[in-house]
Amino acid sequence: MIKLVPNPTFEQSVKLTVPDLFEPVEVFMTFKYMTAAACAEWFKASNDKPVGDAIAEIITGWSCVMNEEGMAAEYSKENLQQLLLAYQPASLEIVRAWQQGLTESRVKN
C-alpha cells in the first residue's frame, strides 16, 4: 500500500568520498521529504544561499559521523558546515542522495 501523504522525513544512505580511501564511506542521513514543486523551489532558492545553509534545510539528522575524538558527532548546522569544508565533494553527494531518496525506489541485491 501507499500513503497519500508521505512521511515528513526519510533515512537515506549517503556515500561520501574520503581522501586516501578507495571506497566511499557510508553514512546515514535523515532528510526532509518535499513534493516535486517544493523540491524545484528549494533548488531555485538555494542558488542565492551559501551551500551549507541550503543543505541544512534538507537534513534533520545523521549517523555514522564521528568527531575528532572518535565519538559520534551529533547533527548540527555547525557540524554539517565542518563536514562540507573538510570533504569537497560532500555537498553534491548529499544532494544527490536526497534526490535519489525522493525519486527512486530502493533495490535490494
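Mind checking which residues of the range 73-109 are hydrophobic (A, V, I, L, M, F, W, C) and either in a loop (DSSP other than H, G, I, E, B) or under 28 Å from Pro6 (Cβ atoms) (or both)?
Of everything in the range 73-109, those that are hydrophobic (A, V, I, L, M, F, W, C) and either in a loop (DSSP other than H, G, I, E, B) or under 28 Å from Pro6 (Cβ atoms) (or both) turn out to be Ala73, Leu80, Leu83, Leu84, Ala90, Leu92, Ile94, Val95, Ala97, Trp98, Leu102, Val107.
Considering only residues that are among the β-branched types (Val, Ile, Thr) and at pLDDT 95 or above, look in the range 85-109 and name the one that is farthest from Asn47 (Cα to Cα).
Start the filter on the range 85-109 by keeping residues that are among the β-branched types (Val, Ile, Thr), which leaves 94-95, 103, 107.
From the residues that got through so far, the ones that are at pLDDT 95 or above too are 94-95.
Details: Ile94: 16, Val95: 13 Å.
Looking at the filtered set, the residue picked out is Ile94.
Within 15 Å of Val14 (Cα to Cα) and surrounded by 14 or more Cβ atoms within 10 Å (Cβ to Cβ) - does that describe any residue in the range 67-77?
Looking for residues that are within 15 Å of Val14 (Cα to Cα) and surrounded by 14 or more Cβ atoms within 10 Å (Cβ to Cβ), one finds at least one in the range 67-77, hence yes.
Considering each residue of the range 58-87, count those that are of a type in the set (S, T, N, Q) and without any contact (Cβ under 8 Å) to a residue 24 or more places away in the chain, and give that number.
Qualifying residue count, the range 58-87: 4.
Filter the range 1-30 for residues that are of a type in the set (D, E, K, R) and part of a strand (DSSP E or B); which is farthest from Ala90 (Cα to Cα)? Walk me through it before giving the result.
Step one: list which residues in the range 1-30 are of a type in the set (D, E, K, R), which gives 3, 11, 15, 20, 23, 26.
Next cut, part of a strand (DSSP E or B) only: 11, 15, 26.
Numbers: Glu11: 17, Lys15: 9, Glu26: 12 Å.
Ranking the qualifying residues of the range 1-30, first place goes to Glu11.
If you take the residues in the range 31-53 that are of a type in the set (Ser, Thr, Tyr) and more than 17 Å from Ser91 (Cβ to Cβ), which one is farthest from the chain's Cα centre (by Cα)?
Here the residue is Thr35.
The values are calculated or read from the model by the stated rules, or taken from the named source; none is laboratory data. Values in this document were obtained by computation on a predicted structure and should not be read as measured data. In this analysis, Cβ positions are derived from the backbone assuming ideal geometry, glycine residues included, and neighbour counts consider all displayed protein chains.
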